[in-house]
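As structure tokens, the structure follows; a few thoughts come after it.
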Amino acid sequence: MILHAVGVLVANALLAGGGVGVLMLVDGWRRLARWTRPGVALLVGQGAFVVVAPWLLYAGLSVSPLLVEPLIALVLGAGLVVHRRRALPAEPRPGGDGWIAALVAGVPLVLLGARASYHALFQFDAISNWVTKAIVIWSGGHRLTGVLDPRFFARPDLHPQSHLEYPVGLNALYAWDFHWMGTADTWVVHLQLALLLAGAIGTAWALLRPIVPALPLSAGLAGLVLMPAQVDRLLSAYADLPLACVWAAGAIVLMRWRAERERYLLALATVLLAATVAIKQDGGFYDVAIYGGLGIVLAVEERRRLLELSASAAIAALTTLPWRIYNAAHGIGSTDIRPGLSRMRAETGNLRPTIDGILHVFVSRGTLFALPLAVAFAVACIVKQRRTEAVPFLLAASLVVVSIVLIYWNAAVNLPLVLIPALARILTGLIVLAWLLLPTLVYGALAPDESSAG
Amino acid sequence: MAIALTFLLAAAALGLAYAARTHRVEAATVLIVALPIVLFVPPNTQRWIDQLRRDHNRNSHTSRAVVPLAILSVQNQALEDQAALSIGRHQTYAIVLRGRWTERRADTSALTYLESWLQFQLAPRLQVDPDRADWLIVLGGAKGPLPRGATTVYRLDPDLLVRRAPTT
């Protein structure tokens, strides 16, 4: 087990190497404080892999180290060359006191990682969807080619529980781990989720530390590691926590891009939000919510920057093209959602239980009341004219809720048996974002007027 | 988790004491953020310890997933083990239904789960159409006639595992 865990750590260290390359390419490396770089590099590396690996698979290639390592070396090499040619002095953001976060959030995170490495896979969807496909990707085909075997991936009739219509980004990430474990250890694979959480926490620290003091931010990040709902999601090995990690981090990066006007932040947000939709198609409405929320803000305040935001959204959407083409070519689709006015008229009875279910999740103790607290302090921030994070957060949260209500309204799946119990999972992204932003919003609401916080 | 929690609480208390002396807003922020953690995380520690104990009691060396409740009564461990042993990693298999699985009252939900479970247990071996498969897993077929072209047969009551002669 220990060797397998080391394999997962090596696999992620290599991805972090790719993340360093991406950071250098977009000129983010010199802008980050030295000790915040590893966290951001890790998440960006994981995100970039989740976006690019499916392209390799759809192109008939594999995600074996033989193929991926040279690609990582290429990105890192290109990043180094570009970074050296720029020869600009470092302009690091505040955040060098990362040892505080490392101490407060790092200890529970290490324990959670150890716990995650020693956990039996038990959720049926995780087994049939996420891990079975990962094993086929890891071990199928030849060393370099033929991994996305159409006898499996184009036969939804033979694999009805495997959700072949889903994107394969997370499956590819697990397959990458299996390559480095040398086997498909379904216990240790949970460690990957803890490492995604670590990346999200590191990124949140790097981005938010300039506007929030170290102690409250550290307490918030540690709280996310210990949040019961988050721990349950992690140990279930569903895709909702990975999606939440990359989306929430991407949303924070996008909000900071709006405040700081740094293009490298927009580039990083694009990578992370593209990764969101490469993990699970739910990422689609999450991305629409954050791009839409920020788009509304920009449309009111800075229309000129809408073009940049639209370009980022378009790139994130375009990255899903190979997946959509593959599914269309093989006639793979889902009939779970059948939108239509007649359906909506007929199914108005779905609205009340959906809204009740959403509210129930928001006020559940397992989420530490993240959303009600964040909303309350966001409103307080707006009252105090500190809108940078508060307004996009409230807009994005509203859009996520509206999207879920609309999807459930038009769903052709059993509402009380399947959809309502799934709400706790589906809302994970919003809850993680709310909790990551909570220290910023509280500090912004409480800080005296002369402070530049918020 | 309990250790982490104790550590976190101690760190929060120390931090709060320090911050309260120097920065009131900072201290208040820590307090507001830490309050739900202190209130709602500790009640979960016993559940987490129980989960860990359950995992520890399972055999971690096999790295096996937990058999879903939906198939506990219909799962055939001997069949899974024999299939994993006999079917080559790049060979294919098909699932054929006989006996109780073809009856009108067959539990189709359990069958769907069972098929997915077999796909997981046997991955990366692929399930294909019966006419193209190297092996047949005949669920409920132990007492019926053998499929045509069978070269090797394992009777793993109530199921059959059958190697077929390669088709030309």
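Quick note: the coordinates plus some simple rules give every number you see, no bench work behind them. Bear in mind the structure is a predicted one, so any value in this text is a computation, not a measurement. Methodologically, a virtual Cβ is constructed for each residue, glycine included, from the backbone with ideal geometry; neighbour enumeration extends over all protein chains shown.
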Those lysines that a straight Cα-Cα span of less than 20 Å connects to A:Lys280, excepting residues fewer than 8 apart in one chain: A:Lys133
Leaving out same-chain residues fewer than 8 places away, which aspartates and glutamates sit with a Cα under 12 Å from that of A:Lys384? A:Asp449, A:Glu450
Value at 222 nm in deg cm²/dmol, rounded to 500, when DSSP H runs of n ≥ 4 in the protein assembly as shown each add -39,500 (n - 2.57): -20500 deg cm²/dmol
With the dipole of the range B:69-164 defined by +1 on each Lys or Arg Cβ and -1 on each Asp or Glu Cβ, the option from B:Gln119, B:Ile87, B:Pro130 whose Cα lies farthest towards the positive pole is B:Pro130
B:Leu126's amide H: which non-local residues (gap 5+, or another chain) put their own amide H closer than 5 Å, with H modeled 1.01 Å from N in plane and none for Pro or chain starts? B:Tyr93
Any residue on another chain or 5+ positions along whose placed amide H is under 5 Å from the amide H of B:Ala106 is listed here as none
If I model a spin label at B:Ser86 and A:Leu9 as a point 7 Å from the Cα along the Cα→Cβ vector, what separation in nanometres do I get? 4.3 nm
For the range A:298-313, what does the Karplus curve 6.51 cos²θ - 1.76 cosθ + 1.60, with θ = phi - 60°, yield as ³J(HN,Hα) per residue in whole Hz, taken in order and with x for Gly and Pro? 5, 4, 7, 9, 9, 4, 4, 8, 4, 4, 4, 5, 5, 4, 4, 5
Quick check: the distance between the Cα centres of the range A:284-355 and the range A:122-183, to the nearest angstrom? 26 Å
Shielding by other protein chains, A:217-230, mean Cβ within 10 Å: 6
Once each part is reduced to its C-alpha centroid, what is the distance from the range A:398-454 to the range B:59-133 in angstrom? 39 Å
Scalar couplings 3J(HN,Hα) for the range A:238-252 by Karplus 6.51 cos²θ - 1.76 cosθ + 1.60 (θ = phi - 60°), nearest whole Hz, x for Gly and Pro, are 6, 8, 5, 6, x, 4, 4, 4, 6, 5, 4, 5, x, 5, 5
Per residue of the range A:135-148, in order, report the coupling 6.51 cos²θ - 1.76 cosθ + 1.60 (Karplus, θ = phi - 60°) as ³J(HN,Hα) in whole Hz, putting x for Gly and Pro. 5, 5, 5, 5, 10, x, x, 9, 4, 10, 9, x, 7, 7
So if R0 is 45 Å, what FRET efficiency would B:Leu97 and A:Trp55 give, r being the distance between their Cβ atoms, rounded to the nearest 0.05? 0.70
Sorted by chain and number, the residues with a modelled amide H under 5 Å from that of A:Ile337, at a separation of 5 or more or across chains, are A:Ala412
Treating only the Cβ of Lys, Arg, Asp and Glu as charged (+1, +1, -1, -1), what charge dipole size does chain A show about its Cα centre? Round to the nearest 20 debye. 680 debye
For chain A, what relative contact order do you get, as a whole percent, if you take Cα pairs closer than 8 Å and at least 6 residues apart? 19 percent
